[in-house]
Amino acid sequence: MPEIIILVIILALLFDISNGYNDAANAIATVVSTRVLKPHQAVLLAVVMNILGAFLTTAVAKTIGKGVVDPKAITEVVVASALFSGFLWNTLMTKLGLPVSASHALIGGLIGASVSYGGIEILNISGLKKIFSSLLISPIVGIIFGYTFMRLILKFYGTLPVSTINKYFGKLQILSASFMAFSHGSNDAQKVMGIITLSLVSGGYLHSVEVPFWVILICALAMGLGTAFGGWKVIKTMGVQMLKLEPVHGFAAETSATAVILGASHLGLPVSTTHVIATAIMGVGASKRLSAVRWGIGKKIVNAWIFTLPVCALLAWIICTVTKFII
């Protein structure tokens with residue numbers, strides 16, 4: 001029914017907005033906390049670069065569209081259940097000031113709803129192995145890149161006065177924040193593109209997982225809209241509470257995270273931009289001394305990460321199961 005497709009698209013855009021709302025911290029937390037840019041300047045920069053990044057490639061969208069489950073083995077109700085569970089989780093965590101992975105929320109929801117509809121056998125196990133590998137490895141790469149890059153900066157510029165370092169790296173951080181927002185759009189906006197395309201294929205409106213231009217456009221704008229609202233509690237957690245940041249730290253973390261995320265987008269691998277930038281910040285902090293990172297805050301963030309996928313899977317399973325009896 002056309003009404004179901006319209007509902008899926010609306011839910012997908014709401015999820016995208018909630019994703020941008022929570023993930024605004026990924027792009028602007030460091031540049032705001034270091035006072036390189038004022039909040040409204042950072043938000044405007046992030047909105048523009050997020051939208052531009054969404055047009056870079058559709059490789060990740062195709063992975064999501066067919067890597068979790070065969071589009072022809074499910075219905076639009078399955079997709080709607082996955083999106084609704086992810087939207088609820090993103091919104092709750094943003095209110096609590098905790099950065100979470102929209103990737104984990106979306107994939108967990110899709111797994112739970114698919115299992116409710118057709119059982120474990122309809123899942124694409126080989127595709128899920130590829131997705132889970134990228135989700136698990138990327139945070140490790142993020143902390144290694146952050147630590148290594150910061151050590152290199154300190155090796156070459158560590159003898160300069162702090163004021164001089166902050167002056168020059170403050171300017172560079174505007175550039176690194178721009179690329180961080182761009183890379184966020186290149187990976188995260190594509191996940192919802194993939195979900196909408198998946199629904200269009202399952203409903204018979206498309207014959208293959210090829211993302212239409214109008215899907216790219218509305219997802220890019222929804223992501224930008226969510227970023228414009230900005231989850232300020234999450235921004236405070238990422239940019240202030242976890243580590244006392246100077247411009248050089250922000251530049252190192254953003255540059256490291258951007259390299260990981262853009263590399264993943266090029267390979268069509270969905271990664272958690274939240275996990276990557278958070279672990280990059282941890283790596284940067286650990287390069288000074290381990291005690292520089294407030295690991296108590298880090299523990300709360302990690303706990304939210306751990307629960308995201310299973311909670312969203314269970315929630316989507318319940319929603320899909322109940323919906324089957326109603327419709």
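The table that follows gives values for the structure above.
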read-out	value
Count of segment 90-115 residues which are in a loop (DSSP other than H, G, I, E, B), crowded, with 22+ Cβ neighbours inside 10 Å and either over 16 Å from the mean Cα position of the chain (by Cα) or among the aliphatic types (A, V, I, L, M) (or both)	2
Among (1) under 17 Å from the mean Cα position of the chain (by Cα); (2) at pLDDT below 85; (3) surrounded by fewer than 21 Cβ atoms within 10 Å (Cβ to Cβ) - the single one Val209 does not satisfy	(1)
Positions within segment 171-212 being farther than 15 Å from Ala12 by Cα and among the acidic types (Asp, Glu), in sequence order	Glu210
Count of residues meeting criterion [surrounded by fewer than 21 Cβ atoms within 10 Å (Cβ to Cβ) and part of a helix (DSSP H, G or I)] in segment 14-42	4
Met49, sole failed condition from (1) more than 16 Å from the chain's Cα centre (by Cα); (2) of a type in the set (A, V, I, L, M); (3) within 30 Å of Lys171 (Cα to Cα)	(1)
Sole residue being crowded, with 20+ Cβ neighbours inside 10 Å, β-branched (Val, Ile, Thr), farther than 19 Å from Leu267 by Cβ and touching a residue at least 40 places away in the same chain (Cβ under 8 Å), chosen from Ile174, Ile153, Ile195, Ile165	Ile195
Cβ-Cβ under 8 Å pairs, at least 6 apart or on other chains, segment 116-141 side farther than 15 Å from Ser101 by Cα and surrounded by 20 or more Cβ atoms within 10 Å (Cβ to Cβ), far side at pLDDT 90 or above and among the hydroxyl-bearing types (Ser, Thr, Tyr)	Ser116/Ser81; Ser116/Thr321
Qualifying residue in segment 64-84 (condition: in a helix (DSSP H, G or I), touching a Phe, Trp or Tyr at 6+ places or on another chain (Cβ under 7 Å) and crowded, with 23+ Cβ neighbours inside 10 Å)	yes
Thr148, sole failed condition from (1) assigned to a helix (DSSP H, G or I); (2) without any contact (Cβ under 8 Å) to a residue 24 or more places away in the chain; (3) more than 17 Å from the chain's Cα centre (by Cα)	(2)
Scan of segment 100-117 for residues that are closer than 23 Å to Gly268 by Cα and either touching a His at 6+ places or on another chain (Cβ under 9 Å) or hydroxyl-bearing (Ser, Thr, Tyr) (or both), ordered by number	Ser101, Ser103, His104, Ser114
Any chance Leu160 is at pLDDT below 90 and either touching a strand residue (DSSP E or B) at 6+ places or on another chain (Cβ under 6 Å) or under 27 Å from Ala61 (Cβ atoms) (or both)	no
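Quick grid of which residues meet (1) at pLDDT 85 or above; (2) under 18 Å from Ser33 (Cα atoms); (3) touching a strand residue (DSSP E or B) at 6+ places or on another chain (Cβ under 6 Å):
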site	(1), (2), (3)
Tyr147	yes, no, no
Ala177	yes, yes, no
Ile196	yes, no, no
Phe213	yes, no, no
Phe229	no, yes, no
Trp232	no, yes, no
Gly239	no, yes, no
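The values are calculated or read from the model by the stated rules, or taken from the named source; none is laboratory data. On a predicted model such as this, the values are computed, not experimentally measured, just so you know. Positions of Cβ are backbone-derived with ideal geometry, glycine not excepted, and every protein chain shown enters the neighbour counts.
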